[in-house]
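Peer 1: The structure is given below, and queries will be raised subsequently.
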Amino acid sequence: MDRLPPLNAVKAFEVAARMGSFVLAAAELGVSAAAVSQQVKHLEQFLERQLFVRTGNRISLTDAGHAIYPQTSRALNDIATMTSRILEGDLHSRRLVVSVPFSLAEPWLAPKLSALQEAYPHLAVDIRVEDDPVDLVRHDIDIRVSYGDYHYPGLDAIHLVRDEVMPVCTPTFWSTHGNDTFDLTQLQQNLFIHTHWGASYASGPTWHAWFSLISSNYYPDPKQGVRCGLSSLSVSLARLGLGVALGHRLIARADLEAGRLIALSPVTLPLGHFYCAFVPAAKQSRKDIVRMMELLKE
């Protein structure tokens with residue numbers, strides 16, 4: 001067998017390259033940042049190549065690092081896949097593992113699975129609902145759908161769709177609280193539903209941004225009304241008649257088509273980033289993954 005590099009050092013390198021940070025790699029591996037740095041130095045000494053450019057607390061891959069990262073990621077993914085199948089008791093079984101954010105799981109992803117099952121009726125599918133970032137290698141994830149293309153710097157981002165939001169509510173709600181001109185500036189402030197994605201996001205949809213888009217100086221006070229942390233929950237609250245929400249088109253489409261919700265304006269606010277898919281390099285040619293990606297792009 002050809003000479004093998006130190007595997008702990010290879011793992012430290014792969015995680016650091018994928019996360020773009022020794023600190024984040026350390027958090028994932030459960031060790032200190034200094035330990036990750038030391039393991040990477042060990043691999044660099046073994047290969048006699050510098051793999052990262054270190055600038056203060058920031059790191060970036062060198063040409064040599066870029067050259068070995070895809071094969072490193074693929075090899076570790078293959079080991080993880082093999083281990084998972086052995087532990088599950090069937091080395092020959094195949095399961096498609098798709099990881100998605102909370103808001104997209106039910107309204108957007110679930111309907112696409114019926115088309116996938118038509119092509120692969122015996123395929124087992126595992127849908128994991130979780131926040132970014134996730135460890136695609138450790139958890140044997142085949143496809144990760146993410147908001148934005150920046151969470152997984154070691155993988156190519158495949159742009160799927162750039163969603164947009166619009167004011168939505170139930171017909172009954174608007175007949176009770178609205179007006180004939182569909183003028184949202186006349187709506188009481190406590191009747192707006194606000195979506196707040198948390199401190200980690202600066203590009204979430206806000207009423208301030210939507211009213212700015214229509215050149216209005218009316219800005220609903222986010223301290224009033226209902227505020228929630230999930231876009232899908234905002235749409236659900238609007239469907240229950242609790243107010244007007246900025247509904248994502250991907251999430252609210254079925255309700256709009258069925259008449260459970262109405263759009264109060266033709267003006268839509270695009271989200272700050274695309275929804276993207278990430279597939280480990282070793283899995284990109286699998287037929288079930290290729291078909292799933294086709295469905296996600298539709």
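The values are calculated or read from the model by the stated rules, or taken from the named source; none is laboratory data. Values in this document were obtained by computation on a predicted structure and should not be read as measured data. All Cβ positions, even for glycine, are placed from backbone atoms using ideal geometry, and neighbour counts span all protein chains on display.
Peer 1: Just to be sure before I move on: is E294 acidic (D, E) and without any contact (Cβ under 8 Å) to a residue 40 or more places away in the chain in the structure I sent?
Peer 2: In short, yes.
Peer 1: Hey, another quick one. Over 17 Å from D135 (Cβ atoms) and at pLDDT below 90: is that true of T55 in this structure?
Peer 2: yes
Peer 1: Check the range 263-276 and report whether any residue there is touching a Cys at 6+ places or on another chain (Cβ under 8 Å), modelled with pLDDT of 95 or more and assigned by TED's automatic domain parsing to the domain that holds D180.
Peer 2: Yes; the residues of the range 263-276 include at least one that is touching a Cys at 6+ places or on another chain (Cβ under 8 Å), modelled with pLDDT of 95 or more and assigned by TED's automatic domain parsing to the domain that holds D180.
Peer 1: Continuing with this model, one more query. Which of the residues belonging to the range 232-265 are of a type in the set (S, T, Y), under 14 Å from P205 (Cβ atoms) and under 26 Å from the mean Cα position of the chain (by Cα)?
Peer 2: S232, S234
Residue-wise test of (1) over 26 Å from the mean Cα position of the chain (by Cα); (2) under 19 Å from Q284 (Cα atoms); (3) not hydroxyl-bearing (S, T, Y).
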residue	(1), (2), (3)
Q39	yes, no, yes
Q50	yes, no, yes
V53	yes, no, yes
R58	no, no, yes
P70	no, yes, yes
D78	no, yes, yes
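Peer 1: Can I ask one more? Go through (1) farther than 25 Å from V134 by Cβ; (2) of a type outside the set (V, I, T); (3) touching a residue at least 40 places away in the same chain (Cβ under 8 Å); (4) crowded, with 18+ Cβ neighbours inside 10 Å and name the single condition P5 misses.
Peer 2: (4)
Peer 1: So, in the range 114-130, of the ones that are modelled with pLDDT of 90 or more and of a type in the set (D, E), which residue ends up farthest from R95 (Cα to Cα)?
Peer 2: The residue in question is E130.
Peer 1: Identify the residue in the range 48-64 that is of a type in the set (S, T, N, Q) and part of a loop (DSSP other than H, G, I, E, B) and, among all such residues, is farthest from E14 (Cα to Cα).
Peer 2: N57
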